[in-house]
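Reviewing the structure listed below.
The values are calculated or read from the model by the stated rules, or taken from the named source; none is laboratory data. Only a predicted model underlies this, so the values are computations on that prediction, with no experimental measurement involved. Here the Cβ positions follow ideal geometry from the backbone for every residue, glycine too, while neighbour counts run over all protein chains shown.
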Amino acid sequence: MMKVTLIGAGNLATQLGKSLKKAGVIISQVYSRTEDSARTLGELLEAEWLTDIKALRDEADIYIFSVKDSVLCELISEVCKGRGDKLFLHTAGSMPMSCFEGKALRYGVFYPMQTFSKTKDVDFERIPVFIEGNSIETEDVIRSLANKLTQRVIRLSSVDRKYLHLAAVWTCNFTNYCYTVASDILGEHGIPFDVMLPLINETTEKIQKISPKEAQTGPAVRGDRNVMSKQLELMNGKEDLQELYKMLSKGINPLMDNLNLDKR
């Protein structure tokens with residue numbers, strides 16, 4: 001039976017570990033620099049947890065790094081040393097596979113493209129996993145691991161994965177920030193955010209049938225300067241939001257430049 005050690009105990013590691021365990025994979029150890037995180041995930045997965053990287057055992061077949069980009073290379077150097085027969089994977093969308101070069105013999109990337117939270121379970125069967133391996137044989141093993149969770153397994157190079165990650169940031173992270181702005185505006189006037197959920201759901205459903213460009217609606221795409229100017233006035237004193245509003249409006253409709261926005 002396949003054994004995996006998780007390096008990291010954050011959002012992705014939590015959901016990946018739970019899904020791998022459910023699929024019959026043994027989670028051997030969980031490492032995190034934070035004791036609470038290591039203990040919580042280790043106990044959840046019935047795995048040994050540790051905060052000392054030197055306490056990692058060699059019994060796992062695969063070591064999966066799910067950590068911040070800023071510490072990935074450092075941890076790779078520590079974990080891979082002396083474990084030449086093991087397979088090492090990272091889950092970072094914006095980091096190249098070459099992080100492992102000169103430090104491991106068998107390595108690759110296992111990138112599930114989804115937003116993850118510790119407390120919100122996900123269905124991996126609906127998630128595309130993008131993989132890359134340093135050899136055909138290695139890639140076959142990575143694909144086999146991914147297929148335990150989903151049939152949507154796609155090979156993608158490190159270069160192309162950077163653009164995929166960039167697109168994901170626009171699709172998810174920036175969009176969610178806009179939800180935060182909307183929530184703050186509503187909250188200031190005693191309106192619950194859940195009134196937006198039907199709008200959010202309809203927009204999401206719509207772009208599954210037509211292109212995002214075709215689905216675009218609102219005052220900018222209509223060229224309604226009157227509405228836009230009034231909405232800018234509602235954000236007086238919030239210059240950053242006004243500038244963001246103008247920039248996004250111009251992106252939707254290039255005719256809506258900053259000067260024209262002020263004309264009614």
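Consider segment 237-249. How many of its residues are within 16 Å of Leu186 (Cα to Cα) and over 28 Å from the mean Cα position of the chain (by Cα)? Show your work before the answer.
Our first condition is that a residue be within 16 Å of Leu186 (Cα to Cα); within segment 237-249, this holds for 238, 241.
Next, from what is left, pick out any that are over 28 Å from the mean Cα position of the chain (by Cα): 238.
Final tally of qualifying residues: 1.
Restricting to segment 20-68, give me the number of residues that are of a type outside the set (Asp, Glu) and not in a loop (DSSP other than H, G, I, E, B). Give the derivation first.
Pass one, segment 20-68, residues of a type outside the set (Asp, Glu): 20-34, 37-42, 44-45, 47, 49-51, 53-57, 60, 62-68.
Remaining after also requiring not in a loop (DSSP other than H, G, I, E, B): 20-22, 26-31, 37-42, 44, 49-50, 53-55, 62-65.
Residues that pass the stated criteria total 25.
Restricting to segment 94-130, give me the number of residues that are out of contact with any Phe, Trp or Tyr (no Cβ under 6 Å at 6 or more places or on another chain) and either aliphatic (A, V, I, L, M) or not assigned by TED's automatic domain parsing to the domain that holds Lys81 (or both).
To start, the set of residues in segment 94-130 that are out of contact with any Phe, Trp or Tyr (no Cβ under 6 Å at 6 or more places or on another chain) comprises 94-99, 101-103, 105-106, 108-110, 112-129.
This time we only want the ones that are either aliphatic (A, V, I, L, M) or not assigned by TED's automatic domain parsing to the domain that holds Lys81 (or both), so: 95, 97, 105, 109, 113, 122, 127, 129.
Adding up the residues that qualify gives 8.
Limited to segment 111-147, what total is found for residues that are under 20 Å from Met95 (Cβ atoms), under 19 Å from the mean Cα position of the chain (by Cα) and assigned to a loop (DSSP other than H, G, I, E, B)?
6
Would you check which residues across segment 199-222 are surrounded by 12 or more Cβ atoms within 10 Å (Cβ to Cβ) and either in contact with a Pro (Cβ under 7 Å, 6 or more places away or on another chain) or of a type in the set (Gly, Ala, Ser) (or both) and list them?
Of everything in segment 199-222, those that are surrounded by 12 or more Cβ atoms within 10 Å (Cβ to Cβ) and either in contact with a Pro (Cβ under 7 Å, 6 or more places away or on another chain) or of a type in the set (Gly, Ala, Ser) (or both) turn out to be Ala215, Gly218, Ala220.
If you go through segment 218-226 one residue at a time, do you hit one that is in a loop (DSSP other than H, G, I, E, B) and modelled with pLDDT of 95 or more?
Yes, some residue in segment 218-226 is in a loop (DSSP other than H, G, I, E, B) and modelled with pLDDT of 95 or more.
Residues that are closer than 22 Å to Gly42 by Cα, in the same structural domain as Lys21 (by TED's automatic domain parsing), exposed (fewer than 14 other Cβ atoms within 10 Å of the Cβ) and not charged (D, E, K, R): does segment 73-92 have at least one?
No, because not a single residue in segment 73-92 is closer than 22 Å to Gly42 by Cα, in the same structural domain as Lys21 (by TED's automatic domain parsing), exposed (fewer than 14 other Cβ atoms within 10 Å of the Cβ) and not charged (D, E, K, R).
Condition first: surrounded by 10 or more Cβ atoms within 10 Å (Cβ to Cβ) and not basic (Lys, Arg). Now tell me which residues in segment 234-246 satisfy that. So that I can check it myself, show each step before the final result.
Of the residues in segment 234-246, the ones surrounded by 10 or more Cβ atoms within 10 Å (Cβ to Cβ) are 234-235, 238, 241-246.
Residues satisfying the conditions are Leu234, Met235, Leu241, Gln242, Glu243, Leu244, Tyr245.
Can you pull out every residue in segment 92-110 that is closer than 17 Å to Glu78 by Cα and assigned to a loop (DSSP other than H, G, I, E, B)?
If the condition is that a residue be closer than 17 Å to Glu78 by Cα and assigned to a loop (DSSP other than H, G, I, E, B), then Glu101, Gly102, Lys103, Ala104, Leu105 are the ones that fit.
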